[in-house]
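The values are calculated or read from the model by the stated rules, or taken from the named source; none is laboratory data. Being a predicted model, the structure only gives us computed values, none of them experimental. Reconstructed Cβ throughout: ideal geometry from the backbone, glycine too, with neighbour counts over all protein chains shown.
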Amino acid sequence: MAQLKSDAHEAVRRAAQRGTLMTEGDSGAVLVNRLYERKPWWLIAQALIDSSAWVLAVLFAYMLRYSVLLSNGSVFDIIHPISLTITAAGAVLLQLIFGLAVAKIYNGVYSYGSFDESWRAAAAALSTGVVLTGFSFVDELVGLPHIPHSVPAIAAAFSLIMMAGARMAKRVYTERGAVRELTGEPVIVYGAGFIGGMVMDSMLHDEDAKLRPVAVFDDDQLKAGTKFHGIQVITTYRELERAIRESGTHKVIVTISDMPEDYFEAFCNRMRKLKVEVQRISSANARLMGERLITASDNDLMRVIRGEINYDIDRDILRSYLHGKRVLVTGAGGSIGSELCRQISEFEPETLMMLDHDETLLMDTKVSITHESSLDDDRIILADIREGDTLLEIFRERRPEVVFHAAALKHVSALEAYPQEAWKTNSLGTLNVLRAAEAVGVKTFVNVSTDKAADPKTALGQSKRVAERLTAYFGEKTGNTYVSVRFGNVFGSRGSIKPLFTKQILSGGPITLTDKRATRYFMLIADACLLVMLAGAIGRPGEVMVLDMGQPVKILDVAKAMRQAYERYDVEIKEIGLRKGEKLDETLFGDTEKLVPSEENRYISRSSAPALNPDELDYELWIQNYREHSGYERHGLERAPDPRTLENAQTF
């Protein structure tokens, strides 16, 4: 039963991914469905096909208008060649203009023959016809041969038919090429509707599908004798029982989301007598498992887990310092960095420079913004923040005005095992970015921090606390807006509990958590990035901006909510114990820190970090302090005291 549920849910997840351009969180691999594939040569070919359709449509419209089809004479005996040429050329030009600038059918990503692409193509064709019709009333006034008023309308209709036909032909060709050889465990799908179609589409097209549809059952008698995705639809229980016997299946997937519970229970009882297992896939499952609607599902979960918080932000404040500026984002391939890039691009900066040391993640980020996968342009910067000289050279060449520093190592357990990596990236890497920013006169620098920098007890927290203090030093030194933004866990980001719990649920469990009493702060990626950008607008030199994330949430409650959302109540929740350096509860500010609510936004408070001169950093003393755990807990990572003298040492 557990394996059936896992396979069925996997089918829905794959179905929701079909028809979508998405980035897989853990691998960074871009999954492009064939129906959405838009290679450069096809975009050019599509424009040529549409242009040819208009030329033929215009010619046919003239012939129809003058009844040339019934004439024995030459076409040009009746039709003025200059009028025909002007009409055809104008139609092609207008089609390309409307297709590129308005409908975006030649530079967007739409499924071949889909409703989305169809209405856009229709809009471009009709707009072209309207403009040509208007021109036909003034053509003689500008000394051009007359275009009959009926020709543009006739041509628009025929061109649209030909363009639609070409797209549908491409879709049929693509879909036939994508259908896999049907193998796997036989299964019957209950419900010939939207969700059923998603499941069927996945099983018929995905090479990794473990299930094979042998029949579709639906109690709507109007569907009797029809086919659904090429599979026969049966509508009576007698036919269903015969299909079960003949196919040898022991599995039925119910895809009707609004089926009454008593009806569902009755169906399950009936199938139980036939020794058939039943799995129900609801619309909530489809939303939660499909990347197409991942933002909405995250919102739903956060509303259940934490309650709804509406971060009301004046976007004009953000536009005031981002529009027309040269903006650089480090860690642009990460969860926070990539979302920052997407949101910043909406404010139309002069240049958005995306810097990361992982070229695959950079490509994913660029695709999500421009739908282009090439990495050979000025927006993409492949570099490591650990390389100070390289960074300085890049900054001097690109001259950024605003910098968002999101590059960091963030996994507590990994950095506890390799604390020197936290030092190299989170502390020294931040110092390299700060020095490069200072060298070119960057006016706004936003350091993305973490709640683990408050009262730090881990290598991650200590290294990020140093980054905050270094940022404060450069803010005081330059007098510019160099600020840090501190917040808790980002729900749905790579490496967070949401993708981890999702994998564990889909694989049948158990869901593992450190301690059932443990609590954490949570925030959606989009909300966090919006407030990070706001901090850059309202921050003052050297400040630490702390985000209001609502009340802390028990990890156990998150696990229960996700288990309920997936309707997998059979999945066990298992405690594995706190790992080294982990706390039961996180805090957003330390005991000695004071928070002052900002006047500009009630969800941001102001705090400060003691400025740290880079000359005081000393790795040898820091690592020595780290290894002596008591000193590591009590002191910062800057020039740590010798553990032998901790008794009399000053607390940083």
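Can you find a residue in segment 371-386 that is in a strand (DSSP E or B) and closer than 25 Å to residue 423 by Cβ?
Narrowing segment 371-386 to residues in a strand (DSSP E or B): 380-382.
In the following step, the residues that additionally are closer than 25 Å to residue 423 by Cβ were identified as 381-382.
Scanning segment 371-386, I find at least one residue that is in a strand (DSSP E or B) and closer than 25 Å to residue 423 by Cβ, so the answer is yes.
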Residue ID - nearest to the chain's Cα centre (by Cα), chosen from residues in segment 505-524 that are under 14 Å from residue 577 (Cβ atoms) and crowded, with 18+ Cβ neighbours inside 10 Å: 513
Where residue 411 falls short, out of the listed (1) exposed (fewer than 14 other Cβ atoms within 10 Å of the Cβ); (2) touching a Phe, Trp or Tyr at 6+ places or on another chain (Cβ under 6 Å): (2)
Long-range neighbours under 6 Å by Cβ, at least six apart or interchain, first residue within 19 Å of residue 577 (Cβ to Cβ) within segment 552-564, second basic (Lys, Arg) and outside any strand (DSSP E or B): 556/516
Residue within segment 388-405 that is farther than 18 Å from residue 441 by Cβ and of a type outside the set (Gly, Ala, Ser) present: yes
Residues satisfying the stated conditions in segment 443-455, i.e. crowded, with 24+ Cβ neighbours inside 10 Å and either under 19 Å from residue 541 (Cβ atoms) or out of contact with any Gly (no Cβ under 6 Å at 6 or more places or on another chain) (or both): 445, 446, 447, 448, 449, 450, 453
Per-region count, segment 219-248, residues at pLDDT below 90 and either assigned to a strand (DSSP E or B) or surrounded by 20 or more Cβ atoms within 10 Å (Cβ to Cβ) (or both): 4
Within segment 200-218, considering residues that are in contact with a Pro (Cβ under 8 Å, 6 or more places away or on another chain) and assigned to a helix (DSSP H, G or I), the one surrounded by the fewest Cβ atoms within 10 Å (Cβ to Cβ): 204
Residue 405, sole failed condition from (1) modelled with pLDDT of 95 or more; (2) of a type outside the set (A, V, I, L, M, F, W, C); (3) farther than 20 Å from residue 461 by Cα: (3)
Which numbered condition residue 481 fails, given (1) in contact with a helix residue (DSSP H, G or I) (Cβ under 9 Å, 6 or more places away or on another chain); (2) over 26 Å from residue 323 (Cβ atoms); (3) surrounded by 22 or more Cβ atoms within 10 Å (Cβ to Cβ): (2)
Members of segment 525-553 found to be at pLDDT below 85 and either surrounded by 20 or more Cβ atoms within 10 Å (Cβ to Cβ) or not aliphatic (A, V, I, L, M) (or both), listed by number: 525, 527, 547, 548, 549, 550, 551, 552, 553
Count of residues meeting criterion [assigned to a helix (DSSP H, G or I), surrounded by fewer than 17 Cβ atoms within 10 Å (Cβ to Cβ) and either at pLDDT 85 or above or basic (Lys, Arg) (or both)] in segment 304-336: 5
Set 499, 552: member being under 25 Å from the mean Cα position of the chain (by Cα) and of a type outside the set (D, E, K, R): 499
